[in-house]
Amino acid sequence: MTLAASAIVAQLSSLIGEAAVMGAPEQMGNYLKEPRKRFHTGAAAVALPGSVAQVQAILAWAHEHRVGIIPQGGNTGLVGAQVPLRGDEVIVSLARLDRIRAIDTAAGAMTAEAGVILENAHKAAEAENTIFPLWLASQGSARIGGLLSSNAGGVNVLAYGNARELTMGVEAVLADGRLYQGLNSLKKDNTGYDLRDLLVGAEGTLGIITAATLKLFPKPEDYETCLVNISGPDAALPLFELLRARIGARLNAFEIVPHIGLDMQLRHGMLDRDPTAGPSPWYGLIEVSRMAGGTPGVLQSAIEAGFAQGLLDNAVFAESLADRTRMWAFREQMSEVQSKEGASVKHDVSVPIAAVPALIARGTAAAERLVPGIRAVPFGHMGDGNIHFNFSQPVGAEPKAFMAENDEKLHEAIYEIVLDLSGSVSAEHGIGQLKRELLVQVKDPVAIEMMRAIKTALDPRGILNPGKMLRTDP
């Protein structure tokens, strides 16, 4: 028998306490509003467990009553995995599970609960003269559980890898309330299937991650950061190859941003001054870490080699923390500034690094053919092939009409090019509910069958994030 919302609230309250359960729409508002404002479905309740045992109790109860459960971290996800799809689900926020349980500098590991805010994880690591190198624009609100569930990327993937590669072990509550105790800091453990990698990136469809053992790295003594002027992605590619050959693993980031992004940010007062060396069609943001005892000037030497080969036109180096902060703000505010320019169609895609110039050239041309006056705003992680291929509405267009007329056809055009270049339609944001139908279209059918078999085995009643990632029907 399906439980009414009032019964769900009452029974959850008896499990974890009345103060930890919300049932009124006005109470749940912030848990239902996702960043892109694409999804607007209500929920039966929001539960805020204060312990792993309470998470177990909620899932055991949900399994018994077949109540859908949506795990939620900082609610910063961009594909709707963390908000309701049907309206009868319970959002389980992990915000109260926010302890750093342990730091082991010898093992290079930190055990953090799912509700720890990423910025607080950074601070805890730095207090031990180490770093946790997962770095992204929403680090002040994104939480560890959500970041792992979506296998987040960010700007340091080039040097350190994405969330999956930064995770040594996880603790997770399964659909029936059992606890998988997989926390460890072992570098080598060949004892069967890697269940950690199965749970990381599953978007809460196979279990709720409640804690994780994360990799720590020695804290660099300093960073060398610069913005270079380049003619376009065609020039960025050989420059990246040169830097990688000369600098190797110390090359932390290689990001590209078009001039339109600078224009937008200066127009809306989001930068106190222009951080670049002067006008250029494109900019490259490059950063190198210098460890204790390392020789300074490695990046400058490599950039000079790039000048000698004609790969860049100008460059400016950060001479202070304020300079570095301004340069990174320029990159990190790219998504935010587009909201000030009206509606935008966004794509989180990846292609082999060598195909990035072709992706941007072909995608821009296709969009301009479809929508005269559209403004292409592609930017992102040149160093790992992940481009946020966004398009802002033509100046003066009506936002709702622009989206209604162009959203679907622009997606189709860009995804066709991405797949033709052997790329992925979701690089770091995940599938959620936004790309669920697309996944079935582009994924190997055998892979979909394997994913369904795993889902059925671990969640036979389909209560974990129902309808997300995989459709419930074949």
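The values are calculated or read from the model by the stated rules, or taken from the named source; none is laboratory data. No experiment lies behind these values; they were computed from the predicted model shown. Virtual Cβ from ideal backbone geometry, glycine too; neighbours counted across all protein chains shown.
If you check I303 against the conditions, is it more than 24 Å from V377 (Cα to Cα) and at pLDDT 95 or above?
Spelling it out, I303 is indeed more than 24 Å from V377 (Cα to Cα) and at pLDDT 95 or above.
Looking at the structure I just gave you, is A366 in contact (Cβ under 8 Å) with a residue 12 or more places away in the chain, more than 21 Å from G153 (Cα to Cα) and assigned to a helix (DSSP H, G or I)?
In short, yes.
Here's the yes/no breakdown for (1) among the hydroxyl-bearing types (S, T, Y); (2) over 30 Å from I463 (Cα atoms); (3) over 24 Å from the mean Cα position of the chain (by Cα); (4) loosely packed, with under 14 Cβ neighbours inside 10 Å:
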position: K188; (1), (2), (3), (4): no, yes, yes, yes
position: R196; (1), (2), (3), (4): no, no, no, no
position: G204; (1), (2), (3), (4): no, no, no, no
position: T210; (1), (2), (3), (4): yes, no, no, no
position: T213; (1), (2), (3), (4): yes, no, no, no
position: F217; (1), (2), (3), (4): no, yes, no, no
position: L227; (1), (2), (3), (4): no, yes, no, no
position: P233; (1), (2), (3), (4): no, yes, no, no
position: R250; (1), (2), (3), (4): no, yes, no, no
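Working carefully through the options N229, N252, N190, find the one that is free of Cβ contacts under 8 Å to residues at least 60 places away in the same chain and not aromatic (F, W, Y).
Just a single option satisfies the conditions, and that option is N190.
Residue pairs, Cβ under 8 Å, 6 or more apart or interchain, first in the stretch 327-354 and at positive phi, second in a helix (DSSP H, G or I) and surrounded by 19 or more Cβ atoms within 10 Å (Cβ to Cβ). List them.
G342/F402
Filtering the stretch 345-384 down to residues that are within 25 Å of the chain's Cα centre (by Cα) and among the acidic types (D, E), which residue is nearest to L439 (Cα to Cα)?
Residue satisfying both the conditions and the ranking: D348.
Can you tell me which residue among I417, I454 is surrounded by 21 or more Cβ atoms within 10 Å (Cβ to Cβ) and part of a helix (DSSP H, G or I)?
Exactly one of I417, I454 is surrounded by 21 or more Cβ atoms within 10 Å (Cβ to Cβ) and part of a helix (DSSP H, G or I), namely I417.
Given the conditions (1) more than 22 Å from the chain's Cα centre (by Cα); (2) closer than 30 Å to L243 by Cα, which single one is not true for P399?
(2)
Report yes if some residue within the stretch 373-386 is at pLDDT 95 or above, over 21 Å from Y283 (Cβ atoms), in a helix (DSSP H, G or I) and not assigned by TED's automatic domain parsing to the domain that holds F39; otherwise report no.
no
If the requirement is being part of a strand (DSSP E or B) and surrounded by fewer than 24 Cβ atoms within 10 Å (Cβ to Cβ), which of these qualifies: G169, G140?
Testing whether each residue is part of a strand (DSSP E or B) and surrounded by fewer than 24 Cβ atoms within 10 Å (Cβ to Cβ) leaves just G169.
Give me a count of the residues in the stretch 18-56 that are touching a residue at least 24 places away in the same chain (Cβ under 8 Å), in a loop (DSSP other than H, G, I, E, B) and surrounded by fewer than 21 Cβ atoms within 10 Å (Cβ to Cβ).
9
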